[in-house]
Amino acid sequence: MIGVANTIVRGLKAGESDYRGEDVERTEFQDCDFSDTVFVQAALESVTFTRCNLGLADFQHAKLQGVRFVECKLVGISFMDADPFALQIQLDACKVVGCLFGGMRLRKALLRGCDFQDCSFVGADLSEADFSRCTFLGSEFNSTNLQKADFRGAAGYQINPLSNNVKRARFTLPEALSLLGYLGVEISP
């Protein structure tokens, strides 16, 4: 497939596409299976993936500008291998399992309503990111900039305020009480 633009693509099956080095602009993919699909060195701009399976998709050195994932399944993806100078992604209501966001600069990223399982955000700049209504199971935050990040309505996170910058981040009760556990504080009913 060479240079996809201004289209809606529906129902692609695994193995039907290889986007290695391709330019994809202003395109929406709906209900596609991109399992193991290669996006190496691709340039994706203003692209939306809706209800797609991107298990083990390879985005190494890919440019992801204005790329939105809606109700997608993202498994085992190393987003940190994408081009760090051309990176702007948004996740809405996605299931995100075993993905790596370590060291990435995702300031003001919209990552709302997602289920994050066993993901790594170590060393990432997620200042002003919106994690509202997300759940976190086994996901790691360490040396992460979460300044002004929005965790309202989020649950299951384990964030040590001593090893992460949480200045002016927003949390809601009762989940925010988990932050106190790292400070040696005991809370009684």
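The values are calculated or read from the model by the stated rules, or taken from the named source; none is laboratory data. A quick note: this is a predicted structure, and the numbers were derived from the prediction, not measured. Here Cβ is always computed from backbone atoms with ideal geometry, including for glycine, and neighbour counts include all displayed protein chains. The area values use the complete protein model at the heavy-atom level, side chains included, leaving out ligands, DNA and RNA. Shrake-Rupley method; radii C 1.70, N 1.55, O 1.52, S 1.80 Å.
What is the gain in length, in nm to one decimal, between Arg51 and Glu140 on full extension, counting 0.36 nm per residue of separation less the C-alpha to C-alpha distance? Walk me through the intermediate numbers first.
Working: separation 89, 0.36 × 89 = 32.04 nm, distance 2.57 nm.
Contour length minus the Cα-Cα distance gives 29.5 nm.
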field: Net charge over other residues, Cβ less than 13 angstrom from the Cβ of Gly98 (K, R count +1; D, E count -1)
entry: -1
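Rg(Cα) of segment 35-87 divided by 2.2 N^0.38 Å?
Numbers: Rg = 10.1 Å, N = 53, 2.2 N^0.38 = 9.9 Å.
Relative to the 2.2 N^0.38 Å estimate, segment 35-87 comes out at 1.02.
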query: How many percent of the accessible area of the chain is carbon or sulfur, using a 1.4 Å probe?
result: 48 percent
- request: Go ahead and run the numbers for FRET between Asn160 and Phe85, Cβ-Cβ distance against an R0 of 30 Å, rounding to 0.05.
  value: 0.50
message: Please compute the alpha carbon radius of gyration of the chain, then divide it by the globular-protein estimate 2.2 N^0.38 Å. Two decimals is fine.
response: 1.07
field: Gain in span if fully extended, Arg10 to Tyr182, counting 0.36 nm per residue against the direct Cα distance
entry: 57.2 nm
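Residue separation times 0.36 nm, minus the C-alpha to C-alpha distance between Asp118 and Asp92: what's the value?
Length gained, Asp118 through Asp92: 7.6 nm.
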